[in-house]
1. Name the one entry in SER173, SER167, SER111 that is within 16 Å of ligand 2 (Cβ to nearest atom) and not β-branched (Val, Ile, Thr).
2. Consider ASP56 against the criteria (1) surrounded by 14 or more Cβ atoms within 10 Å (Cβ to Cβ); (2) of a type in the set (D, E, K, R); (3) closer than 30 Å to HIS201 by Cα: it satisfies all of them except one. Which criterion is unmet?
3. State which residue pairs qualify: first residue assigned by TED's automatic domain parsing to the domain that holds ILE416 and inside segment 355-381, second residue of a type in the set (Phe, Trp, Tyr) in any location, beta carbons under 6 Å apart, and separation of 6 or more residues or different chains.
4. Would you check if there is a residue in segment 134-157 being small (Gly, Ala, Ser) and open to solvent by 50 Å² or more (accessible area, probe 1.4 Å)?
5. Test ARG122 against the criterion of being surrounded by 20 or more Cβ atoms within 10 Å (Cβ to Cβ) and within 16 Å of ligand 1 (Cβ to nearest atom), and give yes or no.
6. Look through segment 61-89, keep the residues that are farther than 17 Å from GLU110 by Cα and either among the β-branched types (Val, Ile, Thr) or not assigned by TED's automatic domain parsing to the domain that holds PHE126 (or both), and return whichever of them is farthest from ligand 1 (Cβ to nearest atom).
7. What pairs come out if I take residues in segment 275-287 that are touching a residue at least 12 places away in the same chain (Cβ under 8 Å) and pair them with residues that are among the aromatic types (Phe, Trp, Tyr) and assigned to a strand (DSSP E or B) whose C-beta lies under 6 Å away, six or more apart or interchain?
8. Just need a number here: residues in segment 329-349 that are among the small types (Gly, Ala, Ser) and in a strand (DSSP E or B).
Amino acid sequence: MAYQRPKGTNDILPGNSEKWQFLEETARLLFQDYRFQEIRTPLFEHYEVVARSVGDTSDIVSKEMYDFYDKGQRHITLRPEGTAPIVRAYVENKLFGPEFPNPYKLYYIESMFRYERPQAGRLRQFHQIGVEVFGSENPATDVETIAMALDYFKQLGVEHLQLVINSLGDKESRLAYREALIAYLERYEAELSGDSKRRLHENPLRVLDSKDPKDQAIVANAPSILDYLNETSAKHFQAVQEFLTALAIPYEIDSNMVRGLDYYNHTIFEIVSNAPGFNGVQTTVCGGGRYDGLVEELGGKPTPAFGFAMGMERLLITLEAEGIELPTVLPLDCYVVGLGETTNLECLKVVQAIRNAGFSCDRDYLNRKAKGQFKTAAKEGARLVLTIGETELTNGVANVKNMATGKEVTYPLTEIYQNFPEIFEDLTELD
Ligand code: ATP
Ligand code: MG
């Protein structure tokens, strides 16, 4: 019987994993320029940590958690998102003391787990690149962090993007808005979807996020949260807009955008791709915002915070729709061709010497004919091919060929062992 991987999961195979490495490496280098440091949290958490943060009425907690009781009867969940575990870690490890930078800036590249209906760009195990900033309520933090996400897409060559922002205001603003929204939605209660009916009184903002087309039609004319922002909230949102403009970052405001997680306040944003390959369909590749109340909610001192997460699978789909090609083979510096079984030991020693000199190197192990070995070398994109036949072995030499220029030189084996970097340099300087 042949087994299959669980529904909604992927094997990331060679030829494809190189693309993932490229996305990850690009993110690491950029985030380091912004002075973010990497954090890695456990793959599973106490259920409570996620339920408290993300909110009981959210899709994630109400439908999508991979939760179970372990052998010690602890209620555990696989991590569905990055922020809750990181806030837990921030509080638990006291990452706010005088020995830590303030604001404290973290990034992660990790897999997440949500029990969803699998489709393109929607998996049960998926991967996110995300960041969190703790300790700054300065709207410059909101804008810089958004700018970093946009810089990342720019570095990858993505052009067809739209930044959409909104403000959920502070607690006071949201309470005022909540009442107005309930009053509006109650007029359409009978027509709302089951989910939205239930959320109407528990968490009416969730209704704005509904994917049901009938709900969406009702929501289109709902009161706007932006009309309910108090002075502090309006000032913060105003500053965010001014700063975006100062950095020449185009944006749109969507006052019905609320995002799927309960912990947000003030600025929230999404980066949406409308790449030509999507034929008019929009895809959210990145989402985030401010969550000033969450650290306290999880037992810490009141701490302002801002973060985002992007889905790597969706990013790859977006890059494809943009026609951007990522590397699928890593470069090979040298391929060693050995002709005849007697050369086996010398080949073994030569590839090790070349690798130890800091170059990538591979060889034939199956005693193939010269033609087959050269074909493999070409397929792997080798820059140099080093050939040892029986005659070369007797004479203590090897032939080294630059595959691009065709230039060939015979070197004593002793020189190859002692001086491969110079040989590589001599043979490749012109190509
Ligand atoms: P959606 O509305 O598409 O369900 P979300 O609001 O649940 O998205 P977030 O929790 O904000 O998404 O996660 C941030 C990003 O992670 C999303 O913008 C998306 O790119 C990606 N993402 C979320 N869920 C999945 C999934 N099941 N499979 C693949 N990527 C996902
Ligand atoms: Mg979702």
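1. Working: SER173 fails: within 16 Å of ligand 2 (Cβ to nearest atom); SER167 fails: within 16 Å of ligand 2 (Cβ to nearest atom).
None of the other options fit; the residue is SER111.
2. (1)
3. Going by the 6 Å Cβ cut-off, the qualifying pairs are ALA357/PHE420; ASP362/TYR335; ALA377/TYR335.
4. The first filter runs over segment 134-157 and keeps only residues small (Gly, Ala, Ser), leaving 135-136, 140, 147, 149, 157.
Remaining after also requiring open to solvent by 50 Å² or more (accessible area, probe 1.4 Å): none.
So far as segment 134-157 goes, no, none of its residues is small (Gly, Ala, Ser) and open to solvent by 50 Å² or more (accessible area, probe 1.4 Å).
5. Details: surrounded by 20 or more Cβ atoms within 10 Å (Cβ to Cβ): no; within 16 Å of ligand 1 (Cβ to nearest atom): yes.
Here the answer is no, as ARG122 does not meet what is asked.
6. The initial filter retains those residues of segment 61-89 that are farther than 17 Å from GLU110 by Cα, namely 61-64, 67-76.
From what's left, either among the β-branched types (Val, Ile, Thr) or not assigned by TED's automatic domain parsing to the domain that holds PHE126 (or both): 61, 76.
Working: VAL61: 12, ILE76: 20 Å.
The residue in question is ILE76.
7. Filtered contacts from segment 275-287: CYS286/PHE308.
8. Keep residues of segment 329-349 that are among the small types (Gly, Ala, Ser), which gives 338, 340.
Still in the running and in a strand (DSSP E or B): 338.
Result for segment 329-349: 1.
The values are calculated or read from the model by the stated rules, or taken from the named source; none is laboratory data. Bear in mind that the values here come from a model prediction, so they are computed numbers and not experimental data. Reconstructed Cβ throughout: ideal geometry from the backbone, glycine too, with neighbour counts over all protein chains shown. Only protein heavy atoms, including side chains, enter the accessible area calculation; ligands, DNA and RNA are left aside. Shrake-Rupley method; radii C 1.70, N 1.55, O 1.52, S 1.80 Å.
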